[in-house]
């Protein structure tokens with residue numbers, strides 16, 4: 001049925017991960033509602049905003065990395081997750 | 001008072017809250033919650049402030065979520081799947097990892113088109129937003145002039161993209177087009193958009209300004225009309241000049257509509273395709289081959305689905321970032 005979508009295991013994992021992440025955020029929001037505050041980004045964000053900004057920033061890190069260096073993409077993934085984590089905690 | 005009550009729709013989303021006016025059950029979706037809240041009722045004395053808001057009205061957007069999932073998210077997933085594979089036929093495909101992203105992001109042609117498109121969008125915004133606001137401010141506010149001005153301003157918006165392209169393709173020609181002929185023979189400037197890349201660029205830019213400034217003007221005009229008259233009367237009493245009135249009353253009140261206008265014009269100009277395709281076909285050389293023209297060449301012309309998928313995702317990422325930054329800056333500054 002989903003053959004037309006030409007799934008591959010890695011992309012399926014990525015989307016399942018994203019889905020779990022969003023579901024997790026929804027559950028977390030239910031348990032303790034998010035509070036907006038100001039971090040080093042200087043704008044008022046709650047944790048959902050920071051997740052979005054973090055994911056986009058991680059994508060930027062990966063893109064710039066692949067565009068300019070031949071170093072391992074696992075290293076890039078590490079840096080990207082680190083950036084997302086830093087933004088999520090202190091952003 | 002009523003407004004406060006609207007916001008204080010009692011409610012922990014998970015809990016069950018009962019007030020004099022209505023009972024809101026925790027597991028029942030109640031989209032009309034804000035409407036119910038407008039009914040007169042007793043506040044549950046002082047606790048309302050600390051309680052989280054009832055957000056059940058958000059369930060009303062479910063149809064949008066479903067339709068967007070069907071028309072945008074699922075196709076986007078497919079694009080992601082395309083971008084990591086080399087596809088020869090539906091049954092014959094190879095996983096290539098991030099190779100397409102590497103080759104696309106390092107392709108000098110793609111990079112040049114990227115810079116070109118960003119430059120074009122920046123110029124479009126710099127020209128259309130001030131011009132649109134200026135037109136809106138100088139449009140009449142009363143009398144017969146209003147419908148006349150509205151219709152005149154809205155006319156270019158009614159013309160389809162490819163027709164606009166055709167109009168300008170002919171209009172800007174040096175031999176039979178009124179605009180091109182005038183520039184060449186009356187002003188004495190050598191203008192030929194099929195040979196000179198600057199001329200081609202200017203033609204496409206002016207065409208976009210002609211086509212889409214009216215949108216900015218109409219949005220700004222709607223924003224201006226919504227400013228209550230007492231603001232202007234107060235300005236008049238203070239003997240404020242026309243510029244001061246504009247700077248301190250009209251412009252701040254236009255923030256909302258200008259946010260929409262800037263976002264729409266950025267996204268639209270960043271994906272501009274039909275008009276330059278009709279007028280110049282991306283040429284001369286690569287002078288006006290914007291990202292969308294290059295992308296459609298790769299995706300539809302050469303049918304390279306993998307590189308086109310990677311290209312689309314990088315394109316999409318850029319639109320996301322710029323739109324989010326605009327939106328954040330325009331809606332959160334001054335808070």
Review point. Would the stretch A:33-41 turn up any residue that is touching a residue at least 24 places away in the same chain (Cβ under 8 Å) and within 13 Å of the chain's Cα centre (by Cα)?
Key: no
Check your understanding: Considering only residues of the stretch B:90-104 that are within 19 Å of residue A:64 (Cα to Cα) and part of a loop (DSSP other than H, G, I, E, B), which is modelled with the lowest pLDDT?
Key -> B:97
Point to revise | Single residue of the stretch B:123-155 satisfying the filter (touching a helix residue (DSSP H, G or I) at 6+ places or on another chain (Cβ under 9 Å) and under 18 Å from residue B:229 (Cβ atoms)) that is modelled with the lowest pLDDT | key: B:141
Review point. Does residue A:26 satisfy being more than 9 Å from every other protein chain (Cβ to nearest Cβ) and either in contact (Cβ under 8 Å) with a residue 40 or more places away in the chain or closer than 27 Å to residue B:55 by Cβ (or both)?
Key: yes
Exercise for review: Kindly indicate whether residue A:20 is surrounded by fewer than 12 Cβ atoms within 10 Å (Cβ to Cβ) and away from chain B (no Cβ under 12 Å).
Suggested key: yes
Revision key, fill the gap. All conditions in (1) out of contact with any helix residue (DSSP H, G or I) (no Cβ under 9 Å at 6 or more places or on another chain); (2) surrounded by 11 or more Cβ atoms within 10 Å (Cβ to Cβ) are true of residue A:76 except (1)
**Study point:** Flag if residue B:82 is crowded, with 17+ Cβ neighbours inside 10 Å, under 14 Å from residue B:308 (Cβ atoms) and either touching a strand residue (DSSP E or B) at 6+ places or on another chain (Cβ under 9 Å) or within 11 Å of another protein chain (Cβ to nearest Cβ) (or both)
**Key:** yes
Practice item. Can you confirm whether the stretch A:29-44 contains a residue that is assigned to a loop (DSSP other than H, G, I, E, B) and more than 12 Å from every other protein chain (Cβ to nearest Cβ)? Key: yes
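The values are calculated or read from the model by the stated rules, or taken from the named source; none is laboratory data. Predicted model only: the values in this text are computed from it and were never measured. Cβ coordinates were reconstructed from backbone atoms using ideal geometry, including for glycine residues, and neighbour counts include every protein chain displayed.
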